[in-house]
Amino acid sequence: MTETQELEQLVKREYKYGFTTDIEQEIIPPGLDEDVVRMISAKKKEPEFMLEWRLSAFRHWQTMTEPEWAHVHYPRIDYQALSYYAAPKSQEELDAEAPESLDDVDPKLLETYEKLGIPLHERAALAGVKGANVAVDAVFDSVSVTTTFKEKLAEAGVIFCSFSEAVENHPELVKKYLGTVVPQGDNFFAALNSAVFSDGSFVYVPKGVKCPMELSTYFRINAKNTGQFERTLIIAEEGASVSYLEGCTAPQRDENQLHAAVVELVALDDAEIKYSTVQNWYPGDEEGKGGIYNFVTKRGECRGDRSKITWTQVEAGSAITWKYPSCVLKGDDSVGEFYSVAVGNNYQQIDSGTKMIHLGKRTRSTIVSKGISAGHAENAYRGLVHIGKTATDARNFTQCDSLLIGDRCGAHTFPYIEAKNASAQVEHEATTSKVSDDQMFYLRSRGLSEEDAMNMVVSGFCKDVFNELPMEFAVEAQALLAVSLEGSVG
Amino acid sequence: MALLEIKNLHAEIDGSEILKGIDLTVNAGEVHAIMGPNGSGKSTLCHVLGGRDGYEVTQGTITFDGHDLLEMETEERAIAGMLLGFQHPVEIPGVKNIYLLKEALNAKREAQGLEEIDTFTFMKQVRELVASMDMDDAFLHRGVNAGFSGGEKKRNEILQMLLLEPKLALLDETDSGLDIDALKVVSDGINRMRGEARGIILVTHYQRLLNYVEPDMVHVLYKGKIIKSGDKTLAHRLEAEGYQEILQEAS
Ligand SMILES: Nc1ncnc2c1ncn2[C@@H]1O[C@H](COP(=O)(O)OP(=O)(O)OP(=O)(O)O)[C@@H](O)[C@H]1O
Ligand SMILES: [Mg+2]
């Protein structure tokens, strides 16, 4: 059967599901089987190799069971009740759903934007107000900004595009690197993502090129509706370097409760990748109802000698976070770093940490994790430092601090160390502290409100991590913490 | 009208009464010294004036600059012009000293309806004060009191006072732990604050501070009560004779 025939057949098969109207054709009904995987691939007009890749992931997924080891609790997810494909909506459809103006937007959301210090013209766009893109254009001139970005990047030879575009325009790169860091069958959620991923970002920085800009600025203006199964692949060739920022401090609401993203990073000899995340998905209400389940697989491979990968994350949102950005240190003298602030309030549950897998000689890793718990939140750090047989003179330093606000929340630390090489030096420091009455009294006696005093202590606690964030985001991250911890004092 | 008027103040911590009927009046322009043996309640009095949670006032009244102090939150007292210099300033790791100074100043300015201070003016002002305290600029960029020596912490308290220009400064043993040169620097700082519109309360164990900062009144606090008040000569007497004599006299 030729590809065209196959496509035709697929299109016909859709009718079997009773799609009659134009709009409904854009959504595949709930449930997941091979046909659905084929349909997703066909809708995205993917080449054969992508379909095969998805199918083999799907087959693998079917043999797997959902992990239960994490320190989180949630009702069973019915994977057959989820929808796995929704086409990007047309402007008309978006407009039909969009609020007419900021006056129609939930005042609480607007209040939050204000507290976060988000500029007025960005608020409308974030809240999805009708025609807000135009407004953003007017102020930002985002079309020309975008064009400048694109030109600059192209000049440097950097490829930065959506994952779908990469599949279409750079299939050889996708084929070469996809799944080489996070294999299809790596874990339950990664397998699911591999089978059904919607879209995401693709970055390729060629040999010797320092990416001329933070990829954050661009992303921040453009990222929208990235979907629940996001896939990101970043490749830095020999001597290349790139800094990428994902997410946004503004609270993002999403219809989809389950998010299962996969991010893969590949750094060749002397390459450097810095990946920063600010995550602020809807955490659920004060009683713990609703909220996003964020089950993410992020892994970077220092494939080349002297390469370096840095993960920095500020995790503030989601009802459940299950996330362990990791580094596989294959190249000799390669370096892995993980800096994390994870804050949980109300009934949020966080199980996050990292894995540092040392395989190359003289590989070094640093882990700095700051967990903050308030309300009834449960915050667990789970980290693995593995020093393989071949990793002579490997070193790791782990600093893992927990800060408790109030006495109904919990902090847990699960550090695992596996050292298979006697020359390894592994250091682990852990502290648990409370915001003390002395600190609060001291700051308040200098005129700071209770909330400001609390925020000051908390941001001091997070300083080592904030220092790793791109400047503009460090300020926003601080504001985000303040908003996340609202109502946790007094 | 007195700047601070304390009448028959009784206060408890965890149900045990520490302050047992204190009367004290401080007028603008005056410097008062409070002395007394360890554990007599000097720091407790400071904390009660600062409005610390857990310090329960069971009787009495406090008026500060026309306000009913007991109705005010700690931060409101600060903004109204009270500054508490701590006997044991707490460490706040990761929060830069300069940042706290700026936030504190802006909190006050906001309450006064002023704009946030611009960074240039602020830095200039702070640098001058830091130099006047014989401190290094590096202190500004260290965590608040984090790893400061005892004497450095005390200088830092005076630095905050100089910047915030309170109406009433309550300095709890700011002279303890200072070397001789630092004592001079700190005293100079306090004397600079001294003025018509301001009141200063110095809690101290030693005459040597009072040699530099001459008090208008000296009070002896003992077991939660002021048992004797007098002029600066009272402090000389204490230094020479110790507490025994005066305690006996009072009882
Ligand atoms: N949290 C507390 N619970 C019970 N008693 C307390 C508490 N804090 C202070 N006290 C008691 O109150 C009394 C007064 O203490 P305070 O610190 O005010 O003394 P002080 O005069 O400042 O002493 P020093 O000269 O040593 O600084 C002491 O007996 C002390 O043990
Ligand atoms: Mg004391």
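Listing for the model above:
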{"item": "Options B:173, B:165, B:157; residue that is within 16 Å of ligand 1 (Cβ to nearest atom), within 14 Å of chain A (Cβ to nearest Cβ) and in contact (Cβ under 8 Å) with a residue 12 or more places away in the chain", "result": "B:157"}
{"item": "The lone exception for residue B:12 - which of (1) in a strand (DSSP E or B); (2) in contact with a helix residue (DSSP H, G or I) (Cβ under 8 Å, 6 or more places away or on another chain); (3) within 10 Å of ligand 1 (Cβ to nearest atom); (4) not β-branched (Val, Ile, Thr) it fails", "result": "(2)"}
{"item": "Selected residue [away from chain B (no Cβ under 14 Å), at pLDDT below 95 and under 30 Å from residue A:364 (Cα atoms)] from A:480, A:384, A:403", "result": "A:384"}
{"item": "Test for residue B:140: is it closer than 21 Å to residue B:178 by Cβ, away from ligand 1 (no atom under 16 Å from the Cβ), in contact with a Ser or Thr (Cβ under 8 Å, 6 or more places away or on another chain) and not in a loop (DSSP other than H, G, I, E, B)", "result": "no"}
{"item": "Within the stretch B:1-29, considering residues that are within 16 Å of ligand 2 (Cβ to nearest atom) and in contact (Cβ under 8 Å) with a residue 60 or more places away in the chain, the one nearest to residue B:168 (Cα to Cα)", "result": "B:22"}
{"item": "One residue from A:59, A:54, A:38 being over 24 Å from the mean Cα position of the chain (by Cα), surrounded by 16 or more Cβ atoms within 10 Å (Cβ to Cβ), of a type in the set (Lys, Arg) and at pLDDT 85 or above", "result": "A:38"}
{"item": "1 or more residues among the charged types (D, E, K, R), under 28 Å from residue A:357 (Cβ atoms) and touching a strand residue (DSSP E or B) at 6+ places or on another chain (Cβ under 6 Å): qualifying helices (runs of 4 or more DSSP H) within the stretch A:408-467", "result": "A:463-466"}
{"item": "Test: residue in the stretch B:219-234 that is among the β-branched types (Val, Ile, Thr) and touching a residue at least 60 places away in the same chain (Cβ under 8 Å)", "result": "yes"}
{"item": "Whichever residue in the stretch B:30-60 is surrounded by fewer than 16 Cβ atoms within 10 Å (Cβ to Cβ) and in a strand (DSSP E or B) and, among such residues, is nearest to ligand 2 (Cβ to nearest atom)", "result": "B:56"}
{"item": "Qualifying residues in the stretch B:41-62 (those that are touching a residue at least 24 places away in the same chain (Cβ under 8 Å) and over 17 Å from the mean Cα position of the chain (by Cα)) - the one farthest from the other protein chains (Cβ to nearest Cβ)", "result": "B:59"}
{"item": "Enumeration of residues in the stretch B:91-112 that are touching a helix residue (DSSP H, G or I) at 6+ places or on another chain (Cβ under 8 Å), more than 7 Å from chain A (Cβ to nearest Cβ) and more than 24 Å from residue B:147 (Cα to Cα)", "result": "B:111"}
{"item": "Residue within the stretch B:46-58 that is of a type outside the set (Asp, Glu), more than 16 Å from ligand 1 (Cβ to nearest atom), over 29 Å from residue B:234 (Cβ atoms) and modelled with pLDDT under 95 present", "result": "no"}
{"item": "Odd one out for residue A:443, checked against (1) at pLDDT below 90; (2) within 14 Å of chain B (Cβ to nearest Cβ)", "result": "(1)"}
{"item": "Residue that is farthest from residue B:17 (Cα to Cα) [pool: residues in the stretch B:209-238 that are within 16 Å of ligand 1 (Cβ to nearest atom) and of a type in the set (D, E, K, R)]", "result": "B:228"}
{"item": "Residue list for the stretch B:63-81, restricted to those being within 8 Å of chain A (Cβ to nearest Cβ) and in contact with a Ser or Thr (Cβ under 8 Å, 6 or more places away or on another chain)", "result": "B:74, B:75, B:77, B:78"}
{"item": "Unique match (being touching a Gly at 6+ places or on another chain (Cβ under 8 Å), within 14 Å of another protein chain (Cβ to nearest Cβ) and of a type in the set (Ser, Thr, Tyr)) among A:433, A:459", "result": "A:459"}
{"item": "Condition check for residue B:114: surrounded by fewer than 17 Cβ atoms within 10 Å (Cβ to Cβ), more than 17 Å from the chain's Cα centre (by Cα) and closer than 17 Å to residue B:170 by Cα", "result": "no"}
{"item": "The stretch B:167-177: number of residues that are crowded, with 22+ Cβ neighbours inside 10 Å and assigned to a loop (DSSP other than H, G, I, E, B)", "result": "2"}
{"item": "Residues within the stretch B:77-131 that are more than 19 Å from residue B:65 (Cβ to Cβ) and part of a helix (DSSP H, G or I), tallied", "result": "22"}
{"item": "All positions within the stretch B:224-251 that are surrounded by 15 or more Cβ atoms within 10 Å (Cβ to Cβ) and part of a loop (DSSP other than H, G, I, E, B)", "result": "B:224"}
{"item": "Residue in the stretch B:60-74 that is under 28 Å from residue B:11 (Cα atoms) and within 16 Å of ligand 1 (Cβ to nearest atom) present", "result": "no"}
{"item": "Residue count, the stretch B:132-148 (criterion: more than 21 Å from residue B:108 (Cα to Cα) and within 11 Å of chain A (Cβ to nearest Cβ))", "result": "3"}
{"item": "Residue that is in contact with a helix residue (DSSP H, G or I) (Cβ under 8 Å, 6 or more places away or on another chain), within 16 Å of ligand 2 (Cβ to nearest atom) and within 29 Å of residue B:6 (Cα to Cα), where the choices are B:86, B:64", "result": "B:86"}
{"item": "Index of the failed condition, residue B:151 passing every other in (1) facing chain A (nearest Cβ under 8 Å); (2) within 22 Å of residue A:439 (Cα to Cα)", "result": "(1)"}
{"item": "Pick from the stretch A:326-339, criterion without any contact (Cβ under 8 Å) to a residue 60 or more places away in the chain and not in a strand (DSSP E or B), ranking: farthest from residue A:181 (Cα to Cα)", "result": "A:333"}
{"item": "In the stretch A:258-295, the residues that are aliphatic (A, V, I, L, M) and in a strand (DSSP E or B)", "result": "A:258, A:262, A:263, A:265, A:266, A:267, A:273, A:278"}
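The values are calculated or read from the model by the stated rules, or taken from the named source; none is laboratory data. Keep in mind that this is a model prediction, so the values were computed, not measured. Cβ sites come from the backbone with ideal geometry, for glycine too, and all protein chains shown count toward neighbours.
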